[in-house]
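Remarks on the structure that follows.
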């Protein structure tokens, strides 16, 4: 493998410069939705066929908007965790074309941080 100098003291192998194949397109949303149990979450499908998942305690929300969330520019997924009096919550959004596997990984990470009280 040859190396190509980029700047003094830094080089990149030609292997690192090869093209890569990336997963593109939304994929199957079931990899996200299959993470939720009926014991802990409520799932609602509305009249637009958008899917809303909420935890029974109301602190976790996931929305899937296949045609885009109304009032946004291509937002396809919304994850929100409500904060407490002592700690702020957070939210994240993904576009309609974000692969479901990436959203599933984010959801899995959020769910791993939760615990029953």
Practice task
Working only within the range 84-104, note down all residues that are outside any helix (DSSP H, G or I) and either exposed (fewer than 11 other Cβ atoms within 10 Å of the Cβ) or touching a residue at least 40 places away in the same chain (Cβ under 8 Å) (or both).
Solution key: 84, 85, 86, 87, 88, 91, 96, 97, 98, 99
Fill in the blank from the handout: Listed by first then second residue, the pairs whose first member lies in the range 15-40 and is at positive phi and touching a residue at least 24 places away in the same chain (Cβ under 8 Å), whose partner is surrounded by 10 or more Cβ atoms within 10 Å (Cβ to Cβ) and in a loop (DSSP other than H, G, I, E, B), with beta carbons under 7 Å and at least 6 positions apart or on separate chains, are 25/97; 25/99; 27/99
Practice task
Quick one: residue 57 ticks every box in (1) assigned to a loop (DSSP other than H, G, I, E, B); (2) in contact (Cβ under 8 Å) with a residue 24 or more places away in the chain; (3) under 23 Å from residue 111 (Cα atoms) except a single one, so which number is it?
Solution key: (2)
Practice task
List every residue pair whose Cβ atoms sit under 9 Å apart, with the two residues 6 or more apart in sequence or on different chains, where the first one lies in the range 105-117 and is more than 12 Å from residue 81 (Cα to Cα) and the second, anywhere, is exposed (fewer than 13 other Cβ atoms within 10 Å of the Cβ) and modelled with pLDDT under 95.
Solution key: 117/57
Exercise for the section: Identify all residues within the range 27-69 that are buried (at least 16 other Cβ atoms within 10 Å of the Cβ) and touching a helix residue (DSSP H, G or I) at 6+ places or on another chain (Cβ under 6 Å); write none if there are none. Expected result: 27, 29, 31, 32
Exercise for the section: Please verify whether the range 41-48 includes one or more residues that are closer than 24 Å to residue 109 by Cβ, more than 14 Å from the chain's Cα centre (by Cα) and in contact (Cβ under 8 Å) with a residue 40 or more places away in the chain. Expected result: no
Problem - Flag for residue 99 being modelled with pLDDT of 95 or more, under 14 Å from the mean Cα position of the chain (by Cα) and more than 30 Å from residue 117 (Cα to Cα) - result: yes
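The values are calculated or read from the model by the stated rules, or taken from the named source; none is laboratory data. Given the structure is predicted, the values throughout are model-derived calculations rather than measurements. So basically every Cβ, Gly included, is an ideal-geometry build from the backbone, and we count neighbours across all protein chains shown.
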